[in-house]
Every structure is written in structure tokens, then in C-alpha cells.
Amino acid sequence: MPYYKWRGLTVQGKTKNGYLFAQSVQQLDEELFKMHIALLGAKDTSWLMFQWSITSQDKADVFMLLNELLEYGLHITDACLMIGRQSQNPKIQEVFLGVSQKLSDGLSIYEALKSYTFFFDSFACQAFFVGQETNNMQVVCKLLAAYYQTQANFHKKIYNALMMPLVTAVFLLIVAFMFFFFFVPHIAHIFKSMRITLPTSTQYMIQLSAWLHDVSHLLMVLSMSVLIVILIYFVRQSKQYKAVKEFLLLRLPFLRLIKHAYDQAQFFSFLGVLLQAGIKVDQAVYMIANMVDKDTKLHVSLQKISLQLQSGRSLSFALAQHLELFTLHQIMVIRIAQETNTVGSASQKIGSSTFSYLDQLLNRIVFLIGPTLLIVLGLCIALLVFGIYSPLMQLSFTVGQ
């Protein structure tokens with residue numbers, strides 16, 4: 001669908017500009033006329049789409065807005081149309097205007113959403129299908145908003161935790177490059193005029209400085225950096241990358257704790273929302289299983305739990321068969337909640353407490369990163385100082401003799 005930059009005239013006689021998706025200029029004119037704007041001119045700017053992206057926070061905001069519109073009594077078709085018209089993100093415009101058009105043409109909501117897999121994953125499509133069958137569309141929107149908000153918050157915390165070391169590392173690399181490129185050659189010339197035997201560390205510093213001054217070497221470093229970035233991009237799209245990431249997350253102690261806490265918090269939070277919406281526990285667990293990556297151990301375990309629930313087993317019994325994923329305390333709380341018929345509220349409380357525990361783990365990372373960076377930075381400075389001043393100390397000792 002083309003993405004038009006348009007210029008129009010309002011009923012007040014003011015000129016207005018904007019961007020909007022439409023199948024043709026005629027359809028664009030009709031859409032603007034509904035907003036009481038007369039089209040003066042339009043230009044296809046679909047090539048600008050590359051600079052836009054859709055984040056987890058964008059999805060959370062959109063689903064929360066969709067939930068509010070449904071609560072006001074709007075039909076899902078009109079709600080999607082309104083979101084598409086109001087959004088400033090052209091990709092979100094394309095998705096919701098397209099979904100609204102397909103629903104108007106008579107397609108089911110599942111078929112309409114499947115056309116935009118870059119926004120609606122398999123979990124979202126299935127959740128909307130179940131919501132339509134059970135007349136719980138608002139609950140589905142709340143669930144998806146909570147799901148993507150959780151992802152956005154988690155990514156933000158990781159980003160904040162890694163931002164300081166990343167900035168420090170980049171700054172250190174820039175200072176080191178300037179040191180070896182500008183300062184070391186002058187020091188090397190002085191040391192050469194002294195005609196003394198230089199320490200090994202100083203010789204390595206001079207050799208590295210000479211290597212950086214070769215233009216061919218700089219071009220080689222830049223080319224390798226670009227190739228590495230491209231390689232990382234393609235590797236991240238492969239199934240092997242997900243398998244390796246899962247392997248590392250389950251083997252590294254501290255990362256394993258964070259992953260387990262994140263999985264537990266998501267599972268119990270979403271389970272509580274679905275159960276309180278009246279969805280059966282086996283169907284709720286099956287929906288959550290389809291929410292996670294199919295190549296992970298969590299997906300396989302949740303599928304087994306769903307099958308056990310369908311065979312008549314209780315939730316606490318099914319969870320107890322997977323102690324590598326759930327704690328005994330969580331299982332005992334679910335067992336007590338089953339006797340009082342409060343599994344939904346109990347699951348949400350477990351999810352909230354687990355999120356608090358996850359925050360504590362991330363705060364520990366942030367607390368440890370600062371001292372670690374200072375130690376690494378101090379060691380680097382010490383090596384540079386030693387490489388520069390050891391020849392001077394050797395010279396002063398020779399002169400003193």
C-alpha cells in the first residue's frame with residue numbers, strides 16, 4: 001500500500017500537511033474528506049518507510065489504546081481504523097488501516113491479522129481468535145499490552161544497565177586510538193634517539209602505533225568491522241543463534257537466574273489475566289506456550305503442562321513435574337489457591353513478586369558494573385603508564401650509574 005505525503009485545505013481555510021496510507025490517490029482523497037480536509041496534492045513517499053520501526057513499547061501503547069476504544073463501545077473495525085488514522089508511525093498506519101479494510105471486506109480477524117506478521121505474531125493472532133470466540137476482546141488487548149509492556153520494560157532495564165559500560169568502552173577505544181595514533185609516534189622518536197633497549201611492553205606499543213599508521217591496515221579493520229556487523233545481523237535471524245543463546249542463558253549462572261525469573265514472572269502474570277477473564281486453565285497455558293519461542297525449553301515444558309491439564313491433572317501437579325522452571329514455593333501457593341478457587345489472583349501475585357525479584361537481580365548487575373569498569377580502566381591506564389615511563393626510569397638509572 002503506497003505511503004502518501006499529502007497537502008490539503010481544512011474547512012477553516014488553513015493549509016495542512018501530513019502522511020497517510022492509501023491504495024490510490026482517490027482513496028486518499030476520500031479518507032481526507034472524511035476528516036473534513038480537501039486534498040490539494042499528494043506524493044508517494046513509500047521509500048521513507050525504512051527509517052521507521054516498531055518497538056515493544058509501540059505495540060504496548062497500541063494495544064492499550066485499542067482496549068480503551070473497545071471499552072468505549074467501538075467495533076473492532078472502527079477502532080483499528082481510528083488507530084491507523086491517528087498514529088504517527090507509518091508502519092502502524094499500514095497495519096491497522098489494512099486490518100480495518102480486511103475486516104470491512106468480511107475476513108475473520110484471524111485472517112486479517114495473519115497478513116501483518118511483522119506486527120501480529122502467532123501468539124497475538126491466536127489470542128485475538130480466542131478473544132473473538134469467547135467475546136473477551138478487551139481482555140486479549142490487556143494481555144497483549146501487558147506482554148509487550150513487560151518486554152519493553154525488561155529491554156529498557158537491560159539497555160540502562162549496559163549503556164554505561166558501552167559508553168565507557170567506546171570512550172576508552174577513542175582515547176586509546178588517539179594515544180597510539182598521535183602521541184606514541186613522538187615518544188617512539190625520542191626513545192629511538194636515546195639508543196636504549198626498550199621493554200617488551202613499550203616495543204609492542206610502538207609496533208601497534210606503526211601498524212595503525214598504515215592506511216591499508218585501517219581499511220582492513222574497517223572492512224572487517226562492516227563484515228562482522230553484517231554477519232551478526234544474518235546470524236541473529238537463524239535458528240542456530242536462538243539455540244546458542246538458549247544454551248548460554250541456561251549455562252551461565254547469573255544469566256540463568258535472570259532468564260528463569262523473567263519466564264516465571266511472564267507465565268504467572270499472563271496466566272492470572274487469562275484465568276480471571278474466564279478462560280480455562282488448559283487453554284490459557286496453551287496460549288502462553290505459543291507466546292514463547294518454539295525453539296526454547298520453556299515452550300516444550302509449557303506444552304507438556306498443557307497436555308497434562310487436558311488429561312485431567314491439576315495445575316499444581318503439572319507444575320511440580322518441572323521443578324527446573326518453577327519453585328516449590330510457587331507450586332505450594334498454586335496448590336492452596338486451587339482449594340480456595342483463587343488461582344487467577346494468586347498467579348498475578350506470584351507474577352508481581354517475581355518481577356520484584358527480577359528488578360533486584362538487574363539492580364545487582366548495575367551495582368557491580370561500576371566497580372568492574374573502574375578496575376578495568378585502572379589496569380589499562382597502568383599498562384600505558386608502565387609502557388611509557390619504564391624506558392625513562394631505565395634511562396635515569398643508566399645516567400645515575
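The values are calculated or read from the model by the stated rules, or taken from the named source; none is laboratory data. Just so we're clear, the structure is a prediction, and the values are computed from it rather than from any experiment. Virtual Cβ from ideal backbone geometry, glycine too; neighbours counted across all protein chains shown. These accessible areas exclude ligands, DNA and RNA; they are computed on the full protein's heavy atoms, side chains included. Shrake-Rupley method; radii C 1.70, N 1.55, O 1.52, S 1.80 Å.
Taking only C-alpha pairs under 8 Å that are 6+ residues apart, what is the relative contact order of segment 62-144 in percent? Before the final figure, lay out the partial values.
Numbers: 75 pairs, mean separation 25.2, N = 83.
The value is 30 percent.
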Inset, instruction - Using only Cα atoms, tell me the angle between helix 328-340 and the longest principal axis of the chain; keep it within 0 to 90° and round to the nearest 10. - result: 10 degrees
Inset, instruction - Would you mind telling me the share, in percent, of accessible area of segment 29-158 contributed by carbon and sulfur at probe 1.4 angstrom? - result: 53 percent
Legend entry - the chain, relative contact order in percent, only Cα pairs under 8 angstrom and at least six apart counted: 13 percent
Inset, instruction - With springs connecting C-alpha atoms under 10 Å apart, model the chain as a Gaussian network and identify which of ALA284, ALA38, ALA337 has the largest mean-square fluctuation. - result: ALA38
Legend entry - Answer label, with mean projected area of the Cα convex hull in nm² calculated from the coordinates and candidates [x] 32.9; [y] 29.6; [z] 36.2: [y]
Legend entry - Proximal aspartates and glutamates relative to LYS142, as straight alpha-carbon distance under 13 Å, when same-chain residues fewer than 8 apart are discounted: ASP61, GLU68, GLU71
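Can you give the helix-only mean residue ellipticity at 222 nm for the chain, where every DSSP H stretch with n ≥ 4 adds -39500 (n - 2.57) and the sum goes over all residues, rounded to the nearest 500 deg cm²/dmol? Let's see the in-between values first.
Details: 17 runs with 298 residues, N = 401.
Theoretical 222 nm ellipticity from helices: -25000 deg cm²/dmol.
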Legend entry - segment 37-102: relative contact order in percent, alpha carbon pairs under 8 Å with at least 6 residues between: 29 percent
Legend entry - Where labels lie 7 Å past Cα in the beta-carbon direction, separation of VAL226 and ASN363 in nm: 4.6 nm
Inset, instruction - Return one number: the angle in degrees, 0 to 90 and rounded to the nearest 10, between the long axis of the Cα atoms of helix 253-276 and the longest principal axis of the Cα atoms of the chain. - result: 10 degrees
Inset, instruction - Find which of GLN308, ALA79, ILE206 sits farthest along the positive direction of the dipole of the chain, computed with +1 on the beta-carbon of Lys and Arg, -1 on that of Asp and Glu, about the Cα centre. - result: ILE206
Inset, instruction - For TYR3, list long-range residues whose amide hydrogen, built 1.01 Å from N in the peptide plane, is under 5 Å from its own amide hydrogen. - result: THR45, SER46
Legend entry - Greater than 23 Å apart at Cα, pairs in LYS34/LYS114; LYS59/LYS280; LYS294/LYS349; LYS102/LYS156; LYS34/LYS102; LYS259/LYS349: LYS34/LYS114; LYS59/LYS280; LYS294/LYS349; LYS102/LYS156
Legend entry - Angle in degrees between helix 239-251 and the longest Cα principal axis of the chain, rounded to the nearest 10: 70 degrees
Legend entry - Stretchable slack from HIS213 to LEU377, in nm (0.36 nm times residue separation minus alpha-carbon distance): 56.6 nm
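Please compute the per residue accessible area over segment 103-240 with all protein chains in place, 1.4 Å probe, rounded to a whole number of Å².
Counting only protein heavy atoms, the per-residue value for segment 103-240 is 65 Å².
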Inset, instruction - Whole number in Å², please: accessible area per residue of segment 255-401, 1.4 Å probe, ligands, DNA and RNA not counted. - result: 54 Å²
